[in-house]
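A short write-up of the structure that comes next.
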Amino acid sequence: MSAKPTRLLVLFTIAALSLLAGCKKAQPTLSLLVWEGYADPSFIQGFEAKCQCKVTAAYMGSSDELVAKLRGGASSNYDVISPSSDVATMLSRSGLVAPLDLTRIPNYTQLSPTLTSKPLVRQNGSVYGVPLTWGPNPLLYDTTVFPKPPDTWAELWDPKFANKLSFWDDLSTMYMAAQVLGFGKLDPTAIYNLNDEQLQQVKQKLIALKPNIRKLWTTGGELTNLFQNHEVIAAMGWPLVTNQLHKSGLPIQEEIPAESTTGWIDHLMITQSSENKDLAYQLLNYLISAQAQKQLSDVTGYIPANPQAAALMTPEQRHSLHLDDIDAYQRQIVFWQDVPRRAKYTEIWNEVKASQ
């Protein structure tokens, strides 16, 4: 072989290797800001393999944290977010998220009409989010301490529980106190639009609860640790925490007390500033597929938005997710809504936390 062809072969090989290296660097990355469990490797790795991409996720501890990050200029850092129903309406109006072309999300037609028909993410004829999952904020309790579940949230004000409880560092704790005070008796959703006098009563009620609160938790993992370390015996929590504690063998159960409880519908949205909208659409369609929804429930204990996921579950899992009495279960939950006076609620909540 002459030197010239050999030299050409070497140059070709170098060029090919450079091209391959360039392809590796060009692997698209999709950035998420979502609730814990929504980017678990058990199902996200399947999406990464299918779409030859990388998914990175940051987790949020509250709806207010999500909104603060987006309004603080961080929206350009994320492609997909998972707002709950208390801020989804506001975000749909904000210009921070993109209206969706539902023809690019074929699995949308499989979602529960009860969820997709709600006006939460609809503005001016456009849809801004797809339901991902939903659930309550139940009362979690240690069955070795409570022979039977507490009947009411009001029981937790008993001084015998001093320094033994945990509540969420979130407005949901205010909603719970409003329910205990009876502000939702005539209209359950009235707890999301309280007047100044009612908010002051909620404030005083929560200040009276503070001696019983060992810690306000901000992430599900933090609450899981509090139970695992036997620092608390009851808490307002998430089904995700119940699921994690069951897997670790702890005797924790959940209950919806007599006053009812609040709950949420989490949606997936694409940020307006995302530079990966095609890939984001593929992720939305993937995560609401029956298979991914089943896997999501396996991880979180949350209820799937796609009813077809039930066919992939065992009878025991369907029962534990209340899929066999879904309508009755939903009637026990006062789903989060837009809170017109959210800034005032936040002010009152901060005053509760600052009180001695």
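The values are calculated or read from the model by the stated rules, or taken from the named source; none is laboratory data. Just so it is clear, the model here is predicted, and its values are computed rather than measured. Don't worry about glycine lacking a Cβ; one is built from the backbone with ideal geometry, like all the others, and counts go over all protein chains shown. SASA here: full protein model, heavy atoms, side chains in, ligands and nucleic acids out. Shrake-Rupley method; radii C 1.70, N 1.55, O 1.52, S 1.80 Å.
Counted residue by residue at 0.36 nm each, then reduced by the alpha carbon distance between them, the extension gain from Asn193 to Thr114 reaches 26.1 nm. A Förster radius of 35 Å, combined with the Cβ-Cβ distance separating Gln291 from Asn225, puts the computed FRET efficiency at roughly 0.70. Computed over the chain, the per-residue total of -39500 (n - 2.57) for DSSP H runs of n ≥ 4 gives a 222 nm mean residue ellipticity of -11500 deg cm²/dmol, rounded to 500.
The distance between label points at Ile326 and Lys353 comes to 3.6 nm (points 7 Å beyond Cα on the Cα→Cβ vector). Residues considered: Asp187, Asp298, Asp79. Largest GNM mean-square fluctuation over the chain, using C-alpha springs under 10 Å, is found at Asp187. Remark: the chain carries 45 Å² of accessible area per residue (probe radius 1.4 Å; ligands, DNA and RNA excluded).
When Leu66, Leu96 are compared by accessible surface with a 1.4 Å probe, the order from highest to lowest is Leu96, Leu66.
Computed on the Cα atoms alone, the convex hull of segment 261-309 gives a volume of 91 cubic angstrom per residue.
The alpha carbon gyration tensor of segment 250-289 gives principal lengths a ≥ b ≥ c with a/c of 1.5 or higher and a/b greater than b/c, which makes the shape prolate.
Note on Asp40: accessible area is roughly 40 Å² with a 1.4 Å probe, heavy atoms of protein only. Between Arg104 and Ala58, the FRET efficiency from the beta-carbon distance, with R0 = 30 Å, is close to 0.75.
The orientation-averaged shadow of the Cα convex hull for segment 82-128, equal to a quarter of the hull surface, comes to 3.4 nm². With the convex hull drawn around the C-alpha atoms of segment 211-356, the volume per residue stands at 172 Å³.
When the trypsin sites (Lys or Arg not before Pro) in segment 256-356 are filtered for DSSP coil states and for at most 14 other beta-carbon atoms within 10 Å of their beta-carbon, the remaining sites are Arg331. Computing the accessible area with a 1.4 Å probe over protein heavy atoms, can you report the carbon and sulfur percentage for the chain? In the chain, the share of accessible area belonging to carbon and sulfur is 54 percent. Eigen-decomposition of the gyration tensor built on the alpha-carbon atoms of the chain gives equivalent ellipsoid semi-axes of 42, 23, 21 angstrom, largest listed first. With a Förster radius of 35 Å applied to the beta-carbon distance between Met90 and Thr144, the computed FRET efficiency rounds to 0.25. Here the chain carries DSSP beta bridges of which approximately 55% are antiparallel, counting only pairs with both residues inside. GNM on the chain, alpha-carbon springs under 10 angstrom: the most fluctuating residue among Ser62, Ser76, Ser274 is Ser76. Highest mean packing comes first when the peptides 229-236, 144-151 are listed by Cβ atoms within 10 Å, giving 229-236, 144-151.
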